[in-house]
Amino acid sequence: MATTVSTPETKKESSPITAEPSSPGISQDLIDELSNEINNMLSYAVYNGITINTEINSLIQNSSIDDLINAHNLLCKNVAPATPKSISFTDRLHKNGKGKSILSKLPLVRNLILLAMLFLTIFIVTGLSPDVNNNSLDKGIMNNSGLDLLLNIGYLCSVSGLGVIFYLLKNVSSKLKSGTLLPEQSIEYIAQIVLGVIAGLILSEILSIYMKDPNNINLFNKSILALIGGFSSDAIFSVLQGLIDRIKTIFIPVKS
């Protein structure tokens with residue numbers, strides 16, 4: 001009687017066959033992130049009373065990647081100018097801020113308020129000094145020295161700082177209402193504060209020299225110039241960049 005010997009081949013045939021998963025162009029993590037952003041945008045649109053395209057419902061119910069991408073694109077148009085990134089950041093701030101004080105909920109606003117208090121303190125302290133007056137400000141940086149120069153520069157820097165903080169606080173408030181605040185803007189605002197202080201000094205100390213009547217340069221005028229320079233640092237940068245571009249066209253020939 002012949003006996004049947006099991007061979008490795010028969011064992012291999014009896015084991016279940018598992019097909020190797022194909023390598024899609026979009027990873028599962030990205031698909032999950034796409035679905036999460038769609039849910040966040042839907043929640044944001046419903047909460048803020050934004051009209052949603054009804055085609056999104058049928059697209060979400062289908063599991064294909066193409067439909068998810070189309071739904072994401074339609075929702076981005078519906079919630080604009082907000083973006084999935086800004087909506088996620090605002091939602092995270094709201095969740096992390098539960099049970100906290102008003103200043104702790106928004107670290108960016110808290111830091112701006114603290115800087116505003118600092119600039120206001122410097123403004124009051126330097127303004128109370130008898131060394132800060134019309135005559136000392138008329139002298140400018142070139143004709144002042146020592147403590148007088150330090151107090152006058154501190155006064156102008158504080159006014160420029162108040163101008164740029166005033167602009168940034170209004171900007172942050174508008175972005176919070178529209179849901180367009182981004183996490184990296186906290187770093188951008190630090191650079192903008194420094195630029196605002198520099199722009200205020202440039203406008204009040206350098207550009208004021210070219211005024212026709214030096215007698216009109218007084219405490220009020222230089223303070224206004226410093227405030228405008230801090231508030232509109234972007235405009236001052238654009239003016240200086242335009243001057244540099246014009247100078248470059250004079251000394252550097254345009255390549256044909």
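Quick check: anything in segment 112-131 in a loop (DSSP other than H, G, I, E, B), touching a residue at least 60 places away in the same chain (Cβ under 8 Å) and not aromatic (Phe, Trp, Tyr)? Show your work before the answer.
Within segment 112-131, the first condition is being in a loop (DSSP other than H, G, I, E, B), and the residues that meet it are 129-131.
Pick out the ones that are also touching a residue at least 60 places away in the same chain (Cβ under 8 Å) and you get none.
Checked segment 112-131: no residue is in a loop (DSSP other than H, G, I, E, B), touching a residue at least 60 places away in the same chain (Cβ under 8 Å) and not aromatic (Phe, Trp, Tyr).
Determine whether ASN48 is under 16 Å from THR180 (Cα atoms) and open to solvent by 50 Å² or more (accessible area, probe 1.4 Å). Give the derivation first.
Numbers: under 16 Å from THR180 (Cα atoms): yes; open to solvent by 50 Å² or more (accessible area, probe 1.4 Å): yes.
Yes: the conditions hold for ASN48.
Among the residues of segment 161-195, write down those that are at pLDDT below 85, surrounded by 17 or more Cβ atoms within 10 Å (Cβ to Cβ) and out of contact with any helix residue (DSSP H, G or I) (no Cβ under 7 Å at 6 or more places or on another chain).
GLN185
From the set of residues in segment 95-135 that are open to solvent by less than 70 Å² (accessible area, probe 1.4 Å) and modelled with pLDDT under 80, which is farthest from LEU227 (Cα to Cα)?
The extreme case among them is GLY97.
Take SER88 and decide whether it is among the polar types (S, T, N, Q), closer than 24 Å to GLY179 by Cβ, open to solvent by less than 70 Å² (accessible area, probe 1.4 Å) and in a helix (DSSP H, G or I).
Criteria met by SER88.
Every residue, every condition in (1) under 36 Å from the mean Cα position of the chain (by Cα); (2) on the phi > 0 side of the Ramachandran plot, yes or no:
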{"residue": "PHE119", "(1), (2)": "yes, no"}
{"residue": "VAL125", "(1), (2)": "yes, no"}
{"residue": "ASN133", "(1), (2)": "no, no"}
{"residue": "SER136", "(1), (2)": "no, no"}
{"residue": "GLY140", "(1), (2)": "yes, yes"}
{"residue": "LEU147", "(1), (2)": "no, no"}
{"residue": "ASN152", "(1), (2)": "yes, no"}
{"residue": "CYS157", "(1), (2)": "yes, no"}
{"residue": "SER160", "(1), (2)": "yes, no"}
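If we scan segment 137-153, do we find a residue that is in a loop (DSSP other than H, G, I, E, B) and either under 17 Å from SER223 (Cα atoms) or without any contact (Cβ under 8 Å) to a residue 60 or more places away in the chain (or both)? Reasoning before the result, please.
Of segment 137-153, the ones in a loop (DSSP other than H, G, I, E, B) are 144-145.
Still in the list and also either under 17 Å from SER223 (Cα atoms) or without any contact (Cβ under 8 Å) to a residue 60 or more places away in the chain (or both): 144-145.
Yes; the residues of segment 137-153 include at least one that is in a loop (DSSP other than H, G, I, E, B) and either under 17 Å from SER223 (Cα atoms) or without any contact (Cβ under 8 Å) to a residue 60 or more places away in the chain (or both).
For SER158, indicate whether it is over 24 Å from ILE236 (Cα atoms) and either open to solvent by 50 Å² or more (accessible area, probe 1.4 Å) or in a helix (DSSP H, G or I) (or both).
Numbers: over 24 Å from ILE236 (Cα atoms): no; either open to solvent by 50 Å² or more (accessible area, probe 1.4 Å) or in a helix (DSSP H, G or I) (or both): yes.
No; evaluated as a whole, the condition is false for this residue.
Given the condition more than 22 Å from ARG110 (Cα to Cα), among the hydroxyl-bearing types (Ser, Thr, Tyr) and modelled with pLDDT under 80, answer yes or no: does some residue in segment 205-214 qualify? Step through it out loud before you land on a result.
Initially, segment 205-214 is screened for residues more than 22 Å from ARG110 (Cα to Cα), giving 205-214.
Narrowing further to those that are among the hydroxyl-bearing types (Ser, Thr, Tyr): 208, 210.
Keeping just the survivors that are modelled with pLDDT under 80 gives 208, 210.
Yes.
Out of segment 225-256, which residues are basic (Lys, Arg), loosely packed, with under 10 Cβ neighbours inside 10 Å and modelled with pLDDT of 80 or more?
If the condition is that a residue be basic (Lys, Arg), loosely packed, with under 10 Cβ neighbours inside 10 Å and modelled with pLDDT of 80 or more, then ARG246 is the only one that fits.
Which of (1) modelled with pLDDT under 85; (2) out of contact with any helix residue (DSSP H, G or I) (no Cβ under 6 Å at 6 or more places or on another chain); (3) assigned to a helix (DSSP H, G or I); (4) not hydroxyl-bearing (Ser, Thr, Tyr) is the odd one out, the single condition ILE198 does not satisfy?
Every listed condition holds for ILE198 apart from (1).
The values are calculated or read from the model by the stated rules, or taken from the named source; none is laboratory data. Note that the coordinates shown come from a computational prediction; the quantities given were computed from them, not determined experimentally. Note that we place each Cβ from the backbone using ideal geometry, even for glycine, and neighbour counts take in every protein chain shown. Note: accessible area is taken over every heavy atom of the protein model, side chains too, but ligands, DNA and RNA are not part of it. Shrake-Rupley method; radii C 1.70, N 1.55, O 1.52, S 1.80 Å.
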